[in-house]
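The values are calculated or read from the model by the stated rules, or taken from the named source; none is laboratory data. What you see is a predicted model; the values in this text were computed from it and never measured. Cβ: placed from backbone, ideal geometry, glycine included. Neighbour counts: every protein chain shown. Protein only, heavy atoms only, side chains kept; ligands, DNA and RNA dropped before computing areas. Shrake-Rupley method; radii C 1.70, N 1.55, O 1.52, S 1.80 Å.
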Amino acid sequence: MTTFSKTIKFPIINEAYEQPTGLFINNEYVAAKSGKTFKVTTPINEELLCELQEAGSEDVDYAVECASKAFKKWKFTKPEVRARLLYKVADLMDEKRDLLAKIESLDNGKSLVCAKFDVNLVVEYLRSCAGYCDKIDGRTINTGPEYLTYTKREPLGVCGAITPWNFPLLMFAWKIGPCLATGNTIVLKPASATPLSNLYAASLFKEAGFPDGVVNIIPGSGRACGSAILHHPKVKKVAFTGSTSVGKGVMKDAADSIKKVTLELGGKSPNIVFQDCDIEKTVQNLITGIFFNGGEVCCAGSRIYIQASDEEWYNEFLAKFKKAVEKIKVGNPFEEGVFQGAQTTPDQFQTVLDYVKIGKESHLKVLTGGNRIGKRGYFVEPTVFYDVPQSSRLTKEEIFGPVAVVLPFKSIEELIEKANDSEYGLASGIHTEDINKALYVADRLEAGSVWINTYNDLQQNSPFGGFKESGIGREMGAEALDNYTQIKLVRAKISTPTL
Amino acid sequence: MSLYKDLTLPNGVRYSQPIGLFIDNQWVASSSGKTFETVNPSTEEPIVSVYEADEHDVDKAVSAAKEAMKTWRDVPGEEKAQKMIKLSFLVRENLKLLASVEAADSGKPYETNSKGDIESVANYLVYCAGFADKLHGKMIPIAKDRYAITKRYPLVVGQIIPWNYPLSMASWKFCPALACGCTIVIKSSELTPLSLLVFADLVKKAGFPSGVFNVVSGFGASAGNRIAEHPDLDKVAFTGSTATGQKVMKSATSNLKHVSLECGGKSPLLVFDDADLEQAAKWASFGMMYNSGQNCTANSRILVQDTVYDKFIDLFKVEITKSWIVGNVFDEKATLGPVISKGQYDKIKRYITKGKEEGAKMILGEEREQLNSLPDKGYFIPPTVFIDCKQDMTIVQEEIFGPVVAISKFSTDHEAVEKANDSIYGLAAMVFSQNFQRVQTIADQLEAGSIYLNSSNDEDIRVPFGGFKMSGIGKELGEDAIDLYTETKSFYMNVGHRI
């Protein structure tokens with residue numbers, strides 16, 4: 001029997017690890033039924049890392065069969081046993097946190113700072129999910145003595161998950177955690193660009209003792225593998241994270257069988273700076289907002305609205321912001337001190353450069369950046385355009401890279417209107433020391449998350465998700481469990497015998 | 001004098017028993033130097049002397065708990081959860097030791113009783129850990145420019161534990177308290193101080209900071225009372241007799257601290273004419289004699305419908321005789337240990353005498369085989385069954401807290417409910433009938449906090465537990481325990497409501 005494994009070396013640091021290369025189905029790494037493989041490269045230097053088995057529709061069929069079979073037992077597995085397994089896998093991931101971060105950086109290109117943040121949240125979130133397993137309560141509804149009425153929260157069955165390349169392991173955790181905690185089984189397709197950490201993590205689920213078939217990880221293309229998941233009759237629910245345009249397609253396909261769908265899509269989140277903010281902290285929050293993870297963040301604060309009622313203050317602020325941005329170290333994540341790594345895919349890298357070009361061609365003022373770095377690897381300078389009009393394509397469209405647009409505003413009402421002028425509504429940031437203003441604006445923003453005096457500040461017990469075209473449903477927090485359960489109402493009539 | 005004593009338990013287990021008070025993560029002698037002995041109820045021999053806390057020691061412990069709260073309250077819930085999980089592992093690692101200590105100190109059979117208790121401590125730690133990052137409040141919209149939020153805050157708590165399930169009852173208190181972020185001063189019963197002291201070392205090992213968990217061994221009149229009245233404790237939680245519970249409640253008025261009480265019971269088990277009589281007999285036997293009847297929810301009153309009375313009694317007598325083997329607690333075959341002390345032994349014997357005096361018919365309790373099976377030493381009382389009891393008999397009204405059950409007859413459902421509710425207590429009730437309607441209707445009428453339908457005493461840590469009437473105040477277990485160990489603060493957010 002072939003063992004699907006490849007030794008992969010990390011650049012610069014003198015370390016290597018064993019990467020599983022098969023499809024993870026039924027607690028085994030197996031070949032794709034078609035025998036097809038696909039290449040995985042690193043965006044750091046565009047070099048080939050390995051070849052993986054590529055899942056097609058036959059593999060989806062097999063994975064779903066296994067998951068379906070496993071569900072019959074898993075559904076009745078005692079919740080405290082599910083909890084124990086989730087705590088165990090979280091511990092295993094905790095033990096391997098350094099390695100997981102390195103794999104993530106190598107495959108996705110993000111800096112180790114970002115990768116470590118991800119892995120930390122993965123561990124915290126899986127633990128939080130473990131704590132929910134035996135607390136999936138319904139409620140009783142009092143309608144008088146003639147009835148016993150209560151709700152039951154039941155799992156759905158086999159759940160499909162299609163995850164993106166910007167936070168491979170974190171998005172994996174956001175799906176698997178609540179899915180398994182509530183008694184479902186999963187068939188998860190990670191993005192073809194970044195499947196490595198997911199396939200590695202799968203082995204930890206096996207090690208933790210999850211029964212065969214509960215967890216299945218099958219990288220493949222959206223067209224063949226993703227589509228097969230969406231159309232398989234035994235997949236009862238699909239969770240998708242990715243672009244809004246692909247998300248619309250997912251929702252349409254899911255409609256064929258009325259699969260429950262949750263979507264976590266794109267954003268063009270407004271990050272708002274008032275003059276009465278703490279300037280130093282705000283500058284850092286703006287940087288976190290758009291340059292964390294190279295700007296490849298669905299909730300990136302990519303539209304920066306700065307109060308410009310006082311032009312002098314506005315210009316001073318911009319100067320401070322520029323100075324701080326230019327301090328950001330961009331480079332190979334395995335080098336010391338790097339904050340911003342490589343952009344993840346050649347296509348997205350090109351898209352970012354195209355937008356920068358559009359910006360320059362429409363004569364937008366460049367505060368800083370605007371160029372590719374180096375000739376090998378997908379590195380871009382942190383880029384900021386300012387005094388950008390609301391109507392600019394760079395204001396309207398999601399760039400998904402380290403490119404921010406700064407728009408000045410004078411009044412609160414103007415600001416609110418402009419901030420909400422988007423079909424997206426994922427997140428937002430407000431920077432001010434005035435509590436009334438912060439809450440007033442927070443109340444009126446059409447966004448699923450409002451961050452006040454912070455940004456990208458995720459917490460495992462707090463829900464995350466979008467308004468409008470940024471998505472459907474919430475992940476993390478107690479709310480995530482709603483995505484993976486369905487409510488059954490039991491209403492029993494009790495004709496009252498006379499005592 | 002050293003604060004540890006090397007002991008060898010009857011089953012050969014050798015260990016170092018802590019004998020001090022555990023304050024601020026340190027073992028200390030009592031300020032008075034006083035000690036008291038704890039006796040092995042199986043042998044009537046003293047096991048060891050431990051230090052006795054008086055009011056001064058309680059003051060020190062409360063002081064430590066109050067100080068620790070200043071920093072402990074800001075530690076994130078997920079960190080607290082991890083320490084609780086670690087503690088649960090330590091409990092499992094030390095299962096044999098803790099169960100042996102418990103069996104020796106409290107007379108609970110090792111194989112069929114105290115081992116289960118210690119396992120339940122580990123399980124409940126894990127369950128409560130899951131809550132630590134989920135102590136949610138509410139957001140309440142009021143008007144366009146106003147809303148309110150509620151937040152939960154932990155308390156500095158005193159906890160007073162009984163002797164019938166020493167470490168397990170302690171865990172019902174400290175697990176939710178730790179999950180809610182409380183700091184604790186906990187007093188074991190003077191009859192069973194040992195297991196909690198051994199456990200305290202594990203708490204320190206699990207990494208809980210100084211002052212979060214403090215143990216005082218001592219007596220109710222001094223240490224217990226000081227806890228109940230202490231001006232710096234926000235709350236007292238008590239499990240024990242109703243009479244002592246009343247004293248605790250009165251003392252607590254000193255600073256109007258929160259009070260939760262889990263007191264006595266005289267829980268009625270109702271057998272209807274359409275019951276599965278065999279099952280009813282089995283459950284009734286278990287629910288009565290487990291832990292030698294020293295159980296607040298023991299079904300110590302059985303009410304049987306007249307048409308099935310004789311048949312049930314025959315089945316019940318067989319079950320009792322079959323299941324309850326008196327013996328050395330370290331003997332695998334023993335299922336019934338001694339009662340806890342000479343004092344309880346004498347008291348129970350007096351009730352048995354009273355039962356006979358008042359005309360109840362004894363069918364088990366003084367049979368020759370029973371008397372022959374009693375060991376020479378130890379406070380052993382064989383299972384004692386009185387039938388043909390009348391409602392006004394002492395053994396029907398008063399809690400005996402020993403292996404003595406009083407069986408009565410009823411003819412109509414109405415009479416059954418009336419008799420069942422004719423008690424100052426309201427802790428639990430059990431209903432045996434195969435008719436869904438009947439069971440629901442009757443259960444609705446019963447004045448008891450936990451109703452078991454076709455079972456007895458099979459509670460689950462996820463389900464709220466607590467008595468009506470004089471059986472207690474407040475609900476433990478389940479999510480309800482969070483309400484016991486947090487205090488809610490409401491914040492009115494004025495977002496521009498100007499006057």
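Structure notes:
- Mean Cα-pair separation over length for segment B:307-409, i.e. relative contact order, pairs under 8 Å, 6 or more apart, %: 25
- Close amide H pairs (under 5 Å, H built 1.01 Å from N) link B:Glu52 with B:Ser30, B:Lys34, B:Thr35, B:Phe36, residues at least 5 positions away or on another chain.
- Each residue of segment B:315-331 is assigned a 3J(HN,Hα), and the resulting list reads 4, 4, 4, 5, 4, 4, 4, 6, 8, 10, 9, 6, x, 4, 4, 8, 8 Hz, derived from the Karplus form 6.51 cos²θ - 1.76 cosθ + 1.60 (θ = phi - 60°), x at Gly and Pro.
- For segment A:270-460, averaging the sequence separation of C-alpha pairs within contact (under 8 Å, six or more residues apart) and dividing by the residue count gives a relative contact order of 29 percent.
- Distance from segment A:340-357 to segment B:194-230 (C-alpha centre basis), Å: 60
- Peptides B:55-62, B:126-133, A:364-371, ordered by how many other C-beta atoms sit within 10 Å of their residues on average, highest first, read B:126-133, B:55-62, A:364-371.
- Taken across both chains, chains A and B shield about 2400 Å² of accessible surface from a 1.4 Å probe.
- Once both labels are positioned 7 Å from their Cα atoms along Cα-to-Cβ, the gap between B:Ser16 and B:Glu45 label points is 2.4 nm.
- Pairwise FRET efficiency - A:Asp421 versus B:Gln437, Cβ, R0 = 51 Å, nearest 0.05: 0.25
- Length-normalised contact order for segment A:378-499 - Cα pairs under 8 Å, 6+ apart - percent: 17
- The long axis of helix B:55-72 is offset from the longest Cα principal axis of chain B by roughly 60 degrees.
- Per residue, segment A:77-193 exposes 28 Å² of accessible surface when a 1.4 Å probe is rolled over the protein heavy atoms with every protein chain present.
- Basic side chains Lys and Arg get +1 at the Cβ, acidic Asp and Glu get -1 at the Cβ, and with that the dipole of segment A:270-460 about its Cα centre reaches some 740 debye.
- Positive-end extreme of charge dipole, the protein assembly as shown - chosen from A:Val250, B:Leu336, A:Ile162 (charges on Cβ): A:Val250
- Amide H partners (placed H, <5 Å) of A:Gln19, local residues excluded: A:Lys6, A:Thr7, A:Ile8
- Per residue, the accessible area of segment A:348-475 comes to 41 Å² when a 1.4 Å probe rolls over the protein heavy atoms.
- Separation of alpha-carbon centers, segment A:95-114 and segment B:239-278, rounded to whole Å: 55
- Segment A:94-180: trypsin sites (Lys or Arg not before Pro) falling in loop per DSSP and having at most 12 other Cβ within 10 Å: A:Arg139
- Accessible surface, segment B:347-424, averaged per residue in Å² (probe 1.4 Å): 47
- Heavy-atom accessible surface of segment A:270-460: percent carbon and sulfur, 1.4 Å: 48
- Helix axis angle, B:342-357 relative to chain B longest principal axis, alpha carbon, degrees: 40
- Theoretical FRET efficiency, 1/(1+(r/R0)^6), r = Cβ-Cβ of B:Asp314 and A:His231, R0 51 Å, to 0.05: 0.20
- Carbon/sulfur fraction of accessible area - segment B:402-463, other protein chains in place, 1.4 Å, %: 44
- Taking chain B as a whole, the Cys residues whose C-beta sits 4.7 Å or farther from every other Cys C-beta are B:Cys180, B:Cys182, B:Cys263, B:Cys296, B:Cys389.
- Potential lengthening between B:Lys5 and B:Gln445 on full extension [0.36 nm per residue; Cα-Cα distance subtracted]: 153.1 nm
- Here A:Glu397 sits with roughly 60 square angstrom of accessible surface, probe radius 1.4 Å.
- In sequence order, segment B:462-474 has phi-based couplings of 8, 10, x, 9, x, x, 7, 6, 7, 8, x, 9, x Hz under the Karplus curve 6.51 cos²θ - 1.76 cosθ + 1.60, θ = phi - 60°, and Gly or Pro positions carry x.
- Report summary: the helix-based calculation at 222 nm, which adds -39500 (n - 2.57) for every DSSP H run with n ≥ 4 and divides by the residues of chain B, gives -11000 deg cm²/dmol.
- Partner chain coverage, peptide A:87-97 - average Cβ within 10 angstrom: 1
- Helix A:311-325 vs. chain A, principal-axis angle (Cα, 0 to 90°, nearest 10): 60
- For segment B:268-460, share of DSSP beta bridges that run antiparallel, in % to the nearest 5: 15
- Shown is the FRET efficiency for A:Thr41 and A:Tyr150, computed with R0 = 51 Å from the Cβ-Cβ distance and rounded to the nearest 0.05: 0.40.
- Around the amide H of A:Phe409, modelled in the peptide plane, lie the amide H atoms of A:Ile306, A:Gln307, A:Ala308, all under 5 Å away and 5 or more residues distant in sequence or on another chain.
- Approximating the spin labels as points 7 Å out from Cα along Cα→Cβ, the B:Ser63-to-A:Lys75 distance works out to 6.1 nm.
- Fully extending the segment from A:Glu361 to A:Asp434, taken as 0.36 nm per residue of separation minus the present Cα-Cα distance, adds 22.4 nm.
- Percent carbon-and-sulfur accessible area, segment B:84-243, ignoring ligands, DNA and RNA, probe 1.4 Å: 55
- Shielding by other protein chains, B:125-134, mean Cβ within 10 Å: 6
- Most positive-pole-ward Cα, A:Thr77, A:Ala90, A:Ser105, against dipole of segment A:41-107 from beta carbon charges: A:Thr77
- Estimated distance in nm for a label pair at B:Gln26 and B:Asp460, the labels positioned 7 Å out from Cα along Cα-to-Cβ: 4.6
- Burial of accessible area (probe 1.4 Å, heavy atoms of protein chains only) in segment A:461-475, relative to its chain alone, reaches at least 20 Å² for A:Asn461.
- Reduction of at least 10 Å² in accessible surface, 1.4 Å probe, comparing all protein chains with the chain by itself, residues of segment A:417-444: A:Asn436, A:Leu439, A:Tyr440, A:Asp443, A:Arg444
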